[in-house]
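The values are calculated or read from the model by the stated rules, or taken from the named source; none is laboratory data. Fair warning: this is a prediction, and the values are worked out from it, not measured in the lab. Note: ideal-geometry Cβ built from the backbone for every residue, glycine included; neighbour counts use all protein chains shown. Calculation scope for accessible area: heavy atoms of the full protein, side chains included, ligands and nucleic acids excluded. Shrake-Rupley method; radii C 1.70, N 1.55, O 1.52, S 1.80 Å.
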Amino acid sequence: MAYDDQNIFAKILRGDIPCTKLYEDEFALAFPDINPQRQIHILVIPKGPYLSLEDFGANASTEEITGFYRAVSKIVQENGLSENGFRAIANTGDHGGQEVPHFHVHLLGGEPAGKMVS
Ligand code: 5GP
């Protein structure tokens, strides 16, 4: 499957669709999920055009991968998720329930995440 640059997160990255920026650097952008599933629900996306966690791990440069995961840790710390913990989710493909075909990590916290699979 080819990357579709009309997906909603690509539009957010281009500034075509607004978002509330919680964090931005060369490698990553973070913003609140429009439909939060927990008190804190943040989406972290890489700047590059990667479809999924699998695509990112296979095809992103070492610098992009390091930069992205360093950003995830900063976002965790800056949003008070370190002390009580959080859940990180990367839905992937049809069976994973991925709706937006641009790699993203959901950070869920501020309250217990509950059972892993419902
Ligand atoms: P997925 O199901 O692909 O893992 O998650 C996509 C997430 O993107 C969903 O939780 C959905 O609420 C969120 N989302 C979809 N469109 C927008 C948008 O325009 N802005 C923001 N902030 N979140 C969005």
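Which of rounded, prolate or oblate describes region 34-81 when judged by the alpha-carbon gyration tensor and an a/c cut-off of 1.5? Oblate, because a/c is 1.5 or more while a/b does not exceed b/c.
Listed by chain and number, the lysines whose alpha-carbon sits under 22 Å from that of Lys21, ignoring those within fewer than 8 places in the same chain, are Lys11, Lys47, Lys74.
Measuring between their Cα centroids, region 54-87 and region 1-46 lie 14 Å from each other.
Once divided by 2.2 N^0.38 Å, the Cα radius of gyration of the chain becomes 1.02.
Each other residue within a Cβ distance under 15 Å of Ala2 adds +1 if Lys or Arg and -1 if Asp or Glu, for a net charge of -4.
Ordering of 78-85, 53-60, 99-106 by packing is 99-106, 53-60, 78-85, highest average first (other Cβ atoms within 10 Å, averaged per residue). Toward the positive end of the charge dipole of region 16-67, with +1 on the Cβ of Lys and Arg and -1 on the Cβ of Asp and Glu, the farthest Cα among His41, Ile65, Pro18 is that of His41. Note on the chain: with charges restricted to the Cβ of Lys and Arg (+1) and Asp and Glu (-1), its dipole about the Cα centre is near 320 debye. Its Cα gyration tensor gives region 67-118 an equivalent ellipsoid. The semi-axes, each the square root of 5 times an eigenvalue, are 21, 16, 6 Å from largest down. What a 1.4 Å probe finds exposed on the chain is 50% carbon and sulfur by accessible area, rounded to a whole percent.
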